[in-house]
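For reference, the structure is listed below as structure tokens.
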Amino acid sequence: MSKNQKVLFRSAAFVLCIALLVAVIGCNKKQQGAEKGSKSITLDEEEVPESKEKIKVENNKIAVIETDKGTIKFSFYPDEAPKTVENFIKLANEGFYDGCKFHRVVAGFVVQGGDPNSKDDDPTNDGQGGPGYTIEAEFSDLKHEDGAVAMARKSEPNSAGSQFYFCLGAQPHLNGQYTVFGQVTEGLNVVRKIEKGDAMNKVYIEEK
């Protein structure tokens, strides 16, 4: 074997050794990857996916509004309007609505109240007030039936705060544009007697 042949033989052997070493390392990595991939993932062992917490208001609450004309009671729709129901209950429990007047009454349409500005002696600012914040709209398939309770708002959908209204008869043109969150269960005849300026003497929440 000539000197050049010996050099070529050694070079080929070296390259072959390197190739075998790379092949062995590659196989080990593939095996480790396969073992990782075959490991079952359970919620107990691995990361638990984040869940969006939903507001849950139990459907056993009734709103009670005492007026000089009589008492009005309405139930809530916590599944369709959870944030709105929660907000109304919060404000009622704080005594926010006590003393508010029904500042807007349109025969055959709505009776509206819930503005804290209506507690003063200046009727010109009625209909402009609120709790100091707004809540998101929760439009749903609920209809504006006779006695439906819904949130009043400005032109911006997410601008409701504390003002609400009772429907005097069905108002289908309002469907899908305002958040319906309740339905009168007692005292619909009282609602029909309400006049502009009548006060909500006391508003509170009771259980069914």
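The values are calculated or read from the model by the stated rules, or taken from the named source; none is laboratory data. This one's a predicted model, so the numbers in the text were calculated from it and none came from an experiment. For neighbour counting, all protein chains shown are included, and Cβ atoms are generated from backbone atoms with ideal geometry for every residue, glycine included.
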(request) Please determine, by comparing only the residues of the range 106-130 that are β-branched (Val, Ile, Thr) and at pLDDT 95 or above, which one is surrounded by the fewest Cβ atoms within 10 Å (Cβ to Cβ). (result) Val106
(request) Check whether at least one residue in the range 84-105 is β-branched (Val, Ile, Thr) and surrounded by fewer than 17 Cβ atoms within 10 Å (Cβ to Cβ), and report yes or no. (result) no
(request) For the range 65-81, indicate whether the set of residues that are among the aliphatic types (A, V, I, L, M), under 13 Å from the mean Cα position of the chain (by Cα) and at pLDDT 95 or above is non-empty. (result) yes
(request) Have a look at Gly127, Gly99, Gly132, Gly95 and point out the one that is assigned by TED's automatic domain parsing to the domain that holds Val190, more than 26 Å from the chain's Cα centre (by Cα), of a type outside the set (Ser, Thr, Tyr) and assigned to a loop (DSSP other than H, G, I, E, B). (result) Gly99
(request) Of all residues in the range 125-144, count the ones that are touching a helix residue (DSSP H, G or I) at 6+ places or on another chain (Cβ under 9 Å) and either aliphatic (A, V, I, L, M) or more than 25 Å from Lys101 (Cβ to Cβ) (or both). (result) 6
